[in-house]
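Q: Shown below is the structure under consideration.
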Amino acid sequence: MSKNMKDATPKAARNGSGTGAAAPAGAVSRRRLLGTAGAAGATGLVLGAAGGAAGYAATRPDDPAALTTVGSTRAMFHGKHQAGITAPLQAHGHLIAFDLAPGAGRKEAAALMRRWSATAERLMAGRPAVDGDGADHDTGIALDAGPSSLTVTFGFGRTFFERTGLTGRRPTALDPLPPFSSDHLDAKRSNGDLWVQIGADDALVAFHALRALQKDAATTARVRWQMSGFNRTPGATDRPRTARNLMGQIDGTGNPKPSDSGFDQRIFVPSGAGTGTASADSGPAFDWMAGGSYAVVRRIRMLLDDWEKLTVDRQERVIGRRKADGAPLSGGTETTGMDLDKAGPDGRLVIPDNAHARISSPEKNGGAAMLRRPFSYHDGIAADGTPDAGLLFVCWQADPFRGFVPVQRKLDRGDALSPFIRHEASGVFAVPGGAAKGEYVGQRLLES
Ligand code: HEM
């Protein structure tokens with residue numbers, strides 16, 4: 001494939017977590033060359049099933065006008081924060097952890113982050129991957145597709161700092177999580193030196209990014225574990241807007257919203273304070289985390305055979321919300337606040353004492369909040385004959401010890417959901433702020 005073949009003209013610059021940045025110069029000149037700017041602008045029409053299929057058949061790699069809205073939507077690589085944190089959930093996701101190869105240290109890690117950032121920037125703009133010398137080495141897997149809301153997000157695990165000789169700049173926020181009684185963690189599928197989150201609304205675009213990044217890792221880093229997940233396809237329904245998980249619940253209602261006051265302080269690390277508060281991580285040694293966030297990743301298996309034996313009424317009391325529309329059992333609609341004190345005619349709390357939504361609510365956790373941004377997963381049938389399916393739970397916060405940890409501690413003590421789930425893998429990653437133009441992710445840690 002030639003270098004320009006897949007330079008898609010993005011119809012919509014999707015506002016991920018970063019600030020807006022212009023389409024790459026290459027894409028603009030390509031558009032001029034083809035004279036398709038107007039045509040590209042007209043591709044936002046939502047195609048029905050037949051139109052979508054016809055559009056796909058007519059797609060040529062150098063014809064951005066053939067892209068549907070899903071294909072042409074683009075998230076920005078550069079910005080204050082990395083993409084993939086506040087971006088809408090994508091339909092397909094891959095989480096991959098890498099360990100640095102024996103002998104690879106800070107210098108090699110810096111070169112890898114530079115390569116990865118360049119690849120992520122290109123692919124998020126719908127352009128093909130190139131090697132370190134700028135030569136085409138694209139696999140062609142995403143040929144025909146546009147950016148499809150691709151986001152690539154990079155993080156560093158606790159062990160990364162030992163491997164690179166940077167332990168003096170390792171935030172205490174990366175201290176190991178405390179053990180929880182419900183943990184059934186597989187060490188081989190937990191943690192890792194480096195972590196990459198890929199999300200896209202097209203399965204081939206997501207896989208293409210996965211392969212390109214794995215190839216970039218070359219001899220510097222080896223895959224430690226990889227997990228793949230999914231969410232609802234955009235356009236499948238307009239209601240509910242919130243995702244549904246594999247237990248059938250509307251999941252994400254209580255998430256803090258970017259428009260909420262205090263959102264940034266809870267989710268992102270401010271400049272000059274590595275964990276978002278006056279803490280051991282304050283000071284210039286931790287400035288590289290400014291604008292960053294901490295991802296807690298848990299592979300949570302759902303014991304679906306047991307769950308599905310419950311009546312809907314029991315399932316709703318386990319969560320404290322209605323299954324059909326996500327409304328709290330205390331009444332109203334999905335967005336109505338929970339009335340945690342409301343009692344029924346029998347005098348009992350309508351949102352039970354051990355309901356998951358009650359126990360995890362910021363109100364019951366001294367304001368502790370996190371942004372949950374999961375993917376569902378299904379890896380076939382496990383050795384015990386039950387579905388190996390559940391949630392790739394990813395939550396974002398300025399400090400895991402003020403977000404995830406207190407809430408999980410409380411859930412661990414008496415969540416009605418606990419008998420139906422099993423935490424099987426875990427990781428915590430420091431996700432630096434977004435790269436400025438000309439910079440790569442993590443440069444402020446690795447080169448200063
Ligand atoms: C498979 C595991 C899990 C499932 C199926 C699940 C499901 C749900 C559902 C259906 C809700 C109510 C709707 C909503 O607000 O999103 C909810 C709320 C919530 N969950 Fe989970 N959850 C799981 C694990 C966890 C874990 C591990 C944590 C954190 C330690 C957590 C933290 C929360 C929080 C903070 C809320 C919002 C509470 C509120 O603001 O009202 N969940 N969860």
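Q: Look at THR153 and say whether it is part of a helix (DSSP H, G or I) and at pLDDT 95 or above.
A: Here the answer is no, as THR153 does not meet what is asked.
Q: Looking only at residues in segment 160-188 that are in contact with an Asp or Glu (Cβ under 7 Å, 6 or more places away or on another chain) and in a helix (DSSP H, G or I), which one is farthest from GLN214 (Cα to Cα)?
A: Of everything passing the filter in segment 160-188, THR172 is farthest from GLN214 (Cα to Cα).
Q: The conditions are (1) crowded, with 21+ Cβ neighbours inside 10 Å; (2) within 13 Å of the ligand (Cβ to nearest atom); (3) in a strand (DSSP E or B), and ALA369 fails exactly one of them. Which is it?
A: Here ALA369 clears every test but (3).
Q: Let me ask another. If the requirement is being buried (at least 18 other Cβ atoms within 10 Å of the Cβ), farther than 30 Å from LEU185 by Cβ and not hydroxyl-bearing (Ser, Thr, Tyr), which of these qualifies: MET289, MET302, MET338? Step through it out loud before you land on a result.
A: Values: MET289 fails: farther than 30 Å from LEU185 by Cβ; MET302 fails: farther than 30 Å from LEU185 by Cβ.
Just a single option satisfies the conditions, and that option is MET338.
Q: Now a separate question. Residue pairs, Cβ under 7 Å, 6 or more apart or interchain, first in segment 158-173 and hydroxyl-bearing (Ser, Thr, Tyr), second in a helix (DSSP H, G or I). List them.
A: THR164/ARG106; THR164/ALA109; THR167/PHE161
Q: I want to confirm something. Restricting to segment 189-201 and keeping residues that are part of a strand (DSSP E or B) and either more than 19 Å from TRP396 (Cβ to Cβ) or aliphatic (A, V, I, L, M) (or both), which single residue is nearest to the chain's Cα centre (by Cα)?
A: It comes out as ILE198.
Q: Which pairs do you get when a residue that is touching a residue at least 60 places away in the same chain (Cβ under 8 Å), found in segment 294-312, comes within reach of a residue that is β-branched (Val, Ile, Thr), reach meaning Cβ atoms under 6 angstrom, with the pair 6+ apart or on two chains?
A: ALA295/VAL394; ALA295/VAL431; VAL296/VAL428; VAL297/VAL394; ILE300/ILE421; MET302/ILE421; ASP305/THR386
Q: Only one residue in GLY248, GLY235 is more than 16 Å from the chain's Cα centre (by Cα), surrounded by fewer than 20 Cβ atoms within 10 Å (Cβ to Cβ) and more than 16 Å from the ligand (Cβ to nearest atom). Which one?
A: Selected residue: GLY235, the only one of GLY248, GLY235 that is more than 16 Å from the chain's Cα centre (by Cα), surrounded by fewer than 20 Cβ atoms within 10 Å (Cβ to Cβ) and more than 16 Å from the ligand (Cβ to nearest atom).
Q: Condition first: touching a Gly at 6+ places or on another chain (Cβ under 7 Å) and more than 9 Å from the ligand (Cβ to nearest atom). Now tell me which residues in segment 324-338 satisfy that.
A: The answer is LEU329, and nothing else.
Q: Starting from segment 235-263, keep only residues that are free of Cβ contacts under 8 Å to residues at least 12 places away in the same chain, then list their pairs with residues that are more than 9 Å from the ligand (Cβ to nearest atom) and assigned to a loop (DSSP other than H, G, I, E, B) whose Cβ atoms are within a distance under 7 Å, requiring at least 6 positions of separation or different chains.
A: Final answer for the pair search is PHE263/LYS257.
Q: Which one of these does PHE268 not meet: (1) surrounded by fewer than 22 Cβ atoms within 10 Å (Cβ to Cβ); (2) more than 10 Å from the ligand (Cβ to nearest atom)?
A: (1)
Q: Taking ALA389, is it within 12 Å of the ligand (Cβ to nearest atom), touching a His at 6+ places or on another chain (Cβ under 7 Å) and closer than 30 Å to VAL431 by Cβ? Steps first, please.
A: Details: within 12 Å of the ligand (Cβ to nearest atom): yes; touching a His at 6+ places or on another chain (Cβ under 7 Å): yes; closer than 30 Å to VAL431 by Cβ: yes.
So ALA389 fits the description; yes.
Q: Another question, then. Restricting attention to segment 388-423, report how many residues are farther than 22 Å from HIS81 by Cβ, among the charged types (D, E, K, R) and crowded, with 19+ Cβ neighbours inside 10 Å.
A: Of the residues in segment 388-423, 1 are farther than 22 Å from HIS81 by Cβ, among the charged types (D, E, K, R) and crowded, with 19+ Cβ neighbours inside 10 Å.
The values are calculated or read from the model by the stated rules, or taken from the named source; none is laboratory data. Remember, predicted model here, so these are calculated numbers, not experimental data. Don't worry about glycine lacking a Cβ; one is built from the backbone with ideal geometry, like all the others, and counts go over all protein chains shown.
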